[in-house]
Amino acid sequence: MKFNYIIALALVFTSCTEEPTLEVLRGEAFGTSYLIQYYNSEDRNLEKGIDSVIYAVNKSVSTYIPNSDISKINRGDTTVVVDPIFKEVFRISKIVHENSYGFFDPTVGVLRNAYGFGDSNPILDIDQKVIDSLMKFVGLDKVSIANNGTILKEYPQIYFDFNAVAKGYAIDCLGRYLESMGVRNYLIELGGEILAKGRNSSSQQPWKVGIEGVDSQLDNRSYQVIIALEDRAMASSGNYRKYRIDSVSGKKYVHTINPLTGSAEQSNVTSATVVMSTCGEADAYATALMALGLERSKQLLNETAGVDAYLTFNDSLGNPQVFMTEDFKKLLVD
C-alpha cells in the first residue's frame, strides 16, 4: 500500500538517556517506513501483531492492492461487504467533509488519477472540459453504505481514495493493538505522522517531536518548532515536495485537489500540521486545511473543537508566514 498524496512534515524524536526497557521496532508499511518506540513491562514479541494490523488495513482500504476491498469497489464490484475498518474511515471522512465545507472528499480519486497522483497513468494535457467531465464522479453525497454493508454509488465510475485518512487511521489501529498488549507508553511514527501515548519513561516527560521547515532539504533537515505530545496524535501535509510537471503543457500540479472545482493548484497555505486525539482525524483535517486556504482554515479552526493547528502560508506579497491556534501554542517547547 502506498500513500503518495500526503507529504507529512518530518519529525525528530527527543529523549533522554535510553533505558534497557525501551523497545524500538522499525519496518516498512503503506509505501513508507515506520518507527515504534515503546516501554514494555513484559517480554513480548509484538511484531507479528503489528504485521497483522498492517495487513488488515491494507486488505480493506489500499488502492494499491488489486484484491483489497476498496480496489474491488472501485472496479465496480457491488457485492463487497465492507469491514469495520472501511466503515470507520468512511465515518471520519463524512465528519471532516461536513466540517470542511466539502473541501475534504475521498471521492476525488478520479481526479487524483487524472493528475498523475494515483495508481493509474495521468491524462495528458488536462483542460477544463476534461475536469468538468470528471467532476460528475466527485461528491461524497453520491455514495453511501447500505444496511447490508455494501457500497451504493450514484455512478459506477466513482473512485474512493482514502489515502488522506487511512494512514493516520492505521496508526490509531497500531496504538490500540499496543494497548491491548499492555503497552501504555509509546510513540508511533509512520511516514511522518505520529501517535504519542503516555510519556517518555526515560525522562518522565511528554514525547517531543519537531515540525520540519518548508525549506528543509531531504539531506539536511531543519525544524521550525518542537512540541510536546502526550496522549495526542499529529499529522502534517505539504505541497513543497509533492508535485508533478505535465510533460505536454509544462504546468505544475500539486497533490492537493480542490473537490469543488477539480483543480490541483496550490492554495496560500503551504503546509498544515494538526494535533488531535486521533491520528485518523488529524490526517484528514491536515489535508482539508491545505485545500481550504488560510482564511477558510481559520474559520474551520474557530468552529471545530479539538483541532489544534500550525499553518505555514504565503502572504499577499509572497512572504512566508506562520499561523498557530492558541491551543497549539501551548504545546511548544522553549
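The values are calculated or read from the model by the stated rules, or taken from the named source; none is laboratory data. Just so it is clear, the model here is predicted, and its values are computed rather than measured. Cβ atoms come from the backbone with ideal geometry, glycine included; neighbour counts cover every protein chain shown.
Residue-wise test of (1) at pLDDT 95 or above; (2) more than 17 Å from Met181 (Cβ to Cβ).
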position	(1), (2)
Glu23	no, no
Gly31	no, yes
Asp43	no, no
Lys72	yes, yes
Asp77	yes, yes
Pro84	yes, yes
Is it true that Ser277 is among the polar types (S, T, N, Q), in contact with a Phe, Trp or Tyr (Cβ under 8 Å, 6 or more places away or on another chain) and within 27 Å of Ile171 (Cβ to Cβ)?
no
Log entry, pairs with first residue in the range 292-309 being within 14 Å of Thr273 (Cβ to Cβ), second being of a type in the set (A, V, I, L, M, F, W, C) and assigned to a loop (DSSP other than H, G, I, E, B), beta carbons closer than 6 Å, six or more apart or on different chains, reads Leu301/Val307
Please determine whether any residue of the range 218-240 is β-branched (Val, Ile, Thr) and modelled with pLDDT under 90.
no
Breaking point among (1) modelled with pLDDT of 95 or more; (2) of a type in the set (Val, Ile, Thr); (3) under 17 Å from the mean Cα position of the chain (by Cα), for Thr287:
(1)
Conditions (1) in a helix (DSSP H, G or I); (2) touching a strand residue (DSSP E or B) at 6+ places or on another chain (Cβ under 6 Å) -> Glu295 fails only (2)
